[in-house]
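Step one of this worksheet: look at the structure below.
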Amino acid sequence: MSAENPHESGIRDGGVHMSGVHKGKDVRTGAHPREGKVNGAHVGAGRVGDVHVGNVVEFHDAMLPEGVPDDVRADVAAGDLGYACLAPFHSPDPGLVLVPEFDGEPWWERQVALLGWDRFEPVTVPGPLGPGFAALGADPVLSARVRAAVDAGARLIPWGESAPYREYARDLPEAAAVRSTDAALPAFAESKASSPELFAKAHNALDSPDGIHLTGERLCESEPDLVATLVDAGARGRTVVLKAPFGVGGYGTAVLSPHRTSTRRAVLETLARLREDDTFHNGLPTIVQDYQWRSDLPWSDVSGDCTIDHLGRVRLEGVTAMAMNGTQFAGGVTDDGVVIAPARSALLSAFCVAVGEQLALVGYRGWFDIDFLVRPTGELVPLEINARRTGTTAPLSVQTCLRARRGRDVTVISRDVIALPSRHASRPAFARFARAVELAGLAADVVPTLVAGTDAALPHLGVVVAADDAADAVRKLAHCVDALVTEFRS
C-alpha cells in the first residue's frame, strides 16, 4: 500500500470502506468502550506497538492552581479532551491507544493508510475525563491488555507524568514506563518559576553563547512585591509579561504595557481586571518577566522537543518553527534547514539538550519541549519548559513515519485548529474532509490529527501536511485550508 496513492488505502470517491467495532462491557461504569478495527481486523495482530494513553485532562487538572472556578476548569478540560485525541501520535509506532470516546474509525483508517501504523489498535474510553491512569487501574480487563503489551516489549507512553500514571507504572520496568525519580519533579519541570535557573545553568554549561539571550525576570512571592515590581516597570516605561507558574491553553500569561502599570492605582486596577478575567493570576508566587520583542521575520517562534530516558540520557526529537495566536500555539513547520537558519537551529538544539541534562540531574524523566522567540537581533530567547507532550509532538511523529515510508526527507506543517463553517457528526465530516483533500490533489499528503471537534459548538479540525520543504508546506497548507473551508461551507 503506497502512501503516495490514497486509492490503494480503500478510500473511494471521498468515502471510506468502514469496518465494525467490538463492544465489551466496561466493568467500572457499565458503559461500552469501543475497540477499533481497521480493514476488518485488528491492526498489528500478533505484534506489539507502543501503548499510548491520552491522559491530558488528568495531567493538566493536577497542575491547575487552587481556586480555579468550575467553569474555567471545565473549559480547560474540554480543550484537553480534544487534545487527548492526539494520543495516536505520542510515538511513531502506536499499538494499543486509549483515546476519548468518539466515532473515530474513518479518521483512524486514514491515519493508518498514510502513516503505515500496522500495529495500531484504538480503544475509546467513555466519560468526561477521557483516558486516564486512575480509570485504567480500576479496569482489570483493559489493564491486563496494557500490561500484556508492556510484557511483550511495548513502551507505555502518557501525555504527561501524572500521579496516577506513577502509581500505575510503579511495578513496571522503568525502561518501558519512564518516570521521574520523585513525584514532585513533573510539576517542578513544568513550573515557569523553575525555568530561569535551569536556563542559566544550561547557558553557563555552553559557555554563555552570544546567540542565546536570557530574559530578566522576578519571582514575586507577596502582593506588595508584585505591585512594587509592576509599578517600577511602568515608571521605567517597560512592557512586561505576567506569568502564573502554571498555565495552559493561553491561561496564565498576560502582556502588560507601561500605561497599564504607570501608577500604583493603575497596577491595582490592572491586577483586579486581570484576575477577574483569568483566575490563573489569582495566586502567588507569580513571575514578572521582561517582554521580549519578536523579530518581524516569519517563524520567529521556535521550539525544541527532547526526551530523557530512564537512564537520564537526553535525545533531541526535533525542532519546529511555530505559528502563534497570541499566547497560544497555532501550528508549525518542522525545520528543513532553511526556515530556521542552520546555525540558529544547531544552537537551539544544543541549548535544549543542555537544559535536558540539567533536568536529568535533578531526576526528571520523559518528554519536554522548550519554547523560544527570536529577537530582532537574531538572538534566541528561551521562554518556558513544557514537561509533557505538546502540539509539536504530532507533526514530529508524522514526519518520522513519512520519512520511513517515502525513503527520503519530508517537511511537515501543522495547523492545530482550522475553524469550520458548519458542524457535522464525525462520519459525514470525514466524508467532506476526504472529498476536499481529494479534489485539492492533497489526499496523499494531509494527515488529520485533531479530529474530534467537527461537531463542537465551534467546529474545528486539525491537520498535518507533508511537503518537500517549508515553502512548499506553507503553500500546501493554505490550499488545504481553503479546500476544507469551501467544502464545509457548501
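Against the test of being of a type in the set (Gly, Ala, Ser), under 21 Å from residue 315 (Cβ atoms) and at pLDDT 95 or above, the options 169, 183, 200, 187 yield a single qualifying residue, 169. Against the criterion of being in contact with a strand residue (DSSP E or B) (Cβ under 8 Å, 6 or more places away or on another chain), surrounded by fewer than 19 Cβ atoms within 10 Å (Cβ to Cβ), modelled with pLDDT under 85 and among the charged types (D, E, K, R), residue 66 does not qualify. Tell me, please, whether a residue that is acidic (Asp, Glu), at pLDDT 95 or above and either surrounded by fewer than 21 Cβ atoms within 10 Å (Cβ to Cβ) or farther than 29 Å from residue 75 by Cβ (or both) can be found in region 229-247. Scanning region 229-247, I find at least one residue that is acidic (Asp, Glu), at pLDDT 95 or above and either surrounded by fewer than 21 Cβ atoms within 10 Å (Cβ to Cβ) or farther than 29 Å from residue 75 by Cβ (or both), so the answer is yes. Checked against (1) farther than 21 Å from residue 392 by Cα; (2) surrounded by fewer than 23 Cβ atoms within 10 Å (Cβ to Cβ); (3) β-branched (Val, Ile, Thr), residue 474 passes all but condition (1).
Could we say that residue 182 is over 17 Å from residue 55 (Cα atoms) and surrounded by fewer than 17 Cβ atoms within 10 Å (Cβ to Cβ) here? Spelling it out, residue 182 is indeed over 17 Å from residue 55 (Cα atoms) and surrounded by fewer than 17 Cβ atoms within 10 Å (Cβ to Cβ).
When the residues of region 131-147 are filtered to those that are more than 17 Å from residue 394 (Cβ to Cβ) and in contact with a helix residue (DSSP H, G or I) (Cβ under 7 Å, 6 or more places away or on another chain), the one that is surrounded by the most Cβ atoms within 10 Å (Cβ to Cβ) is 132. Listed conditions (1) within 25 Å of residue 77 (Cα to Cα); (2) surrounded by 17 or more Cβ atoms within 10 Å (Cβ to Cβ); (3) in contact with a Pro (Cβ under 7 Å, 6 or more places away or on another chain) are all met by residue 120, apart from (1). For region 283-291, state whether one or more residues are aromatic (Phe, Trp, Tyr) and either crowded, with 18+ Cβ neighbours inside 10 Å or without any contact (Cβ under 8 Å) to a residue 40 or more places away in the chain (or both). No; the residues of region 283-291 include none that is aromatic (Phe, Trp, Tyr) and either crowded, with 18+ Cβ neighbours inside 10 Å or without any contact (Cβ under 8 Å) to a residue 40 or more places away in the chain (or both).
Residues considered: 151, 118. Of these, the only one that is closer than 30 Å to residue 410 by Cβ and more than 20 Å from the chain's Cα centre (by Cα) is 118.
Against the test of being within 21 Å of the chain's Cα centre (by Cα), crowded, with 17+ Cβ neighbours inside 10 Å and within 30 Å of residue 488 (Cβ to Cβ), the options 398, 314, 353 yield a single qualifying residue, 398.
Residue 199 falls short on exactly one of the conditions (1) on the phi > 0 side of the Ramachandran plot; (2) not in a loop (DSSP other than H, G, I, E, B); (3) not polar (S, T, N, Q), and that condition is (1). Looking only at residues in region 123-144 that are of a type outside the set (A, V, I, L, M), in a helix (DSSP H, G or I) and over 26 Å from residue 107 (Cα atoms), the one that is modelled with the highest pLDDT is 140.
I need the full set of residues from region 82-98 which are part of a helix (DSSP H, G or I), over 14 Å from residue 116 (Cβ atoms) and in contact with a helix residue (DSSP H, G or I) (Cβ under 6 Å, 6 or more places away or on another chain), in order please. Answer for region 82-98, where residues must be part of a helix (DSSP H, G or I), over 14 Å from residue 116 (Cβ atoms) and in contact with a helix residue (DSSP H, G or I) (Cβ under 6 Å, 6 or more places away or on another chain): 83, 84, 86. Contact map, region 454-474: residues that are in the same structural domain as residue 443 (by TED's automatic domain parsing) and closer than 18 Å to residue 101 by Cβ paired with residues that are aliphatic (A, V, I, L, M) and outside any loop (DSSP other than H, G, I, E, B), Cβ distance under 7 Å, separation 6+ or inter-chain. Pairs shown: 454/429; 454/461.
Checking the stated criteria, residue 332 turns out not to satisfy the condition of being touching a helix residue (DSSP H, G or I) at 6+ places or on another chain (Cβ under 8 Å), part of a loop (DSSP other than H, G, I, E, B), outside the structural domain of residue 410 (by TED's automatic domain parsing) and not aromatic (Phe, Trp, Tyr). Of all residues in region 444-464, those satisfying the criterion of being part of a loop (DSSP other than H, G, I, E, B) and either closer than 20 Å to residue 475 by Cβ or among the acidic types (Asp, Glu) (or both) are 444, 445, 449, 455. Inspection of region 282-297 identifies no residue that is β-branched (Val, Ile, Thr), closer than 29 Å to residue 401 by Cβ and not assigned by TED's automatic domain parsing to the domain that holds residue 76. Criterion applied to 438, 379 was being over 23 Å from the mean Cα position of the chain (by Cα), surrounded by 17 or more Cβ atoms within 10 Å (Cβ to Cβ) and outside the structural domain of residue 100 (by TED's automatic domain parsing), and the one residue passing it is 379.
Restricting attention to region 429-443 and to residues that are assigned to a loop (DSSP other than H, G, I, E, B) and aliphatic (A, V, I, L, M), the residue that is farthest from residue 482 (Cα to Cα) turns out to be 443. Scanning region 278-319 for residues that are closer than 29 Å to residue 333 by Cβ, in a loop (DSSP other than H, G, I, E, B) and not hydrophobic (A, V, I, L, M, F, W, C) yields 291, 292, 294, 295, 296, 298, 300, 309, 313. Scanning region 58-72 for residues that are in contact (Cβ under 8 Å) with a residue 12 or more places away in the chain and part of a helix (DSSP H, G or I) turns up 58, 59, 60, 61, 62, 63, 72.
The values are calculated or read from the model by the stated rules, or taken from the named source; none is laboratory data. Quick caveat, the model's predicted, so the values are computed rather than measured. Here the Cβ is made from the backbone with ideal geometry for all residues, glycine too, and neighbour counts use every protein chain on show.
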